[in-house]
Amino acid sequence: MKAPKAQLGRKSPVPASPEKAVLDRVANPHPGTLYLARFDAPEFTSLCPVTGQPDFAHLVIDYAPGDWLIESKSLKLYLTSFRNHGAFHEDCTVAIGKKIAEVAVPRWLRIGGYWYPRGGIPIDVFWQTGPAPEGLWVPDQGIAGYRGR
């Protein structure tokens, strides 16, 4: 079964909100192979739901694909849709991880949200679908604890 590629190869506006964003998937050319794919989004932005001020994070998304891959253009547009979305760090990070898991149905997924401080406190948020499959090479996400990232 082929998944539609709604945005790939087309002019696509930035969605007004995460709820209106479409996350596309494409067939994995190696569905029987255990491997890890990583998306690194060092300039993620959302809004504080209380003050409306911008919040910034470095997101690292690791997943072991099953039958599907996340199409990267749609992921960029999905992440960009958070720019005018008010939500706490924990909500943004976990919601993104759950959405990717829902669409791609990976064998395993984890997301690290490394949030820059506001009010002097950085908040790092981590979520995963469960234990990593045995034999999967899972490298460190490579983001140091906050010391002026």
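Each value in this text was obtained by applying a stated rule to the coordinates, not by laboratory testing. From a predicted model like this one, the values you see are computed outputs, not experimental measurements. Glycine also receives a Cβ, built like all others from the backbone with ideal geometry; neighbour counts cover every protein chain displayed.
Taking GluC sites (Glu not before Pro) in DSSP loop states with no more than 14 other Cβ atoms inside 10 Å as exposed sites, the chain has its longest site-free stretch at 20-133. For the chain, the tally of Lys pairs with Cα-Cα distances below 14 Å comes to 6, considering only residues 8 or more apart or on different chains.
Oblate is the label for region 67-138. Its Cα gyration tensor axes, ordered a ≥ b ≥ c, give a/c of at least 1.5 and b/c at or above a/b. The value of relative contact order for region 34-128, using C-alpha pairs under 8 Å at least six residues apart, is 31 percent.
With a cap of 12 neighbouring Cβ atoms within 10 Å, and only residues DSSP puts in a loop, list the trypsin sites (Lys or Arg not before Pro) found in region 1-108. Spell out each step's value before the answer.
On the way: sites: Lys2, Lys5, Arg10, Lys11, Lys20, Arg25, Arg38, Lys73, Lys76, Arg83, Lys98, Lys99, Arg107; in loops: Lys2, Lys5, Arg10, Lys11, Lys20, Arg107.
Hits after loop and neighbour filter: Lys2, Arg10, Lys11, Lys20.
Based on DSSP loop calls and a cut-off of at most 14 other Cβ atoms within 10 Å, the longest stretch of the chain free of exposed chymotrypsin sites (Phe, Trp or Tyr not before Pro) is what? Answer - 36-136.
Taking a virtual spin label 7 Å from the Cα of Thr45 along the C-beta vector, which residues in region 111-127 bring their backbone nitrogen under 17 Å of it? 115-118, by backbone N distance to the label point.
For semi-axes √(5λ) of the Cα gyration tensor in Å, the choices are [x] 26, 21, 11; [y] 27, 23, 15; [z] 27, 16, 13; which was calculated from the structure? So the structure-derived entry is [x].
Given R0 = 41 Å, the distance between the Cβ atoms of Ala144 and Gln53 translates into a calculated FRET efficiency of 0.95. For the pair Thr33 and Glu134, the difference between a 0.36 nm per residue extended length and the Cα-Cα distance amounts to 35.1 nm. Rounded to the nearest 20 debye, the dipole size of the chain about its Cα centre is 500 debye, using +1 on the Cβ of Lys and Arg and -1 on the Cβ of Asp and Glu. Extension gain, Glu19 to Ala6: 0.36 nm times the residue separation minus the Cα-Cα distance gives 3.1 nm. Per residue, the chain reaches -5500 deg cm²/dmol at 222 nm when only DSSP H runs of four or more residues are counted, each adding -39500 (n - 2.57). Helix 89-104 sits at what angle to the longest principal axis of the chain, using alpha carbons and giving 0 to 90 degrees rounded to 10? So the helix axis and the longest Cα principal axis differ by about 10 degrees.
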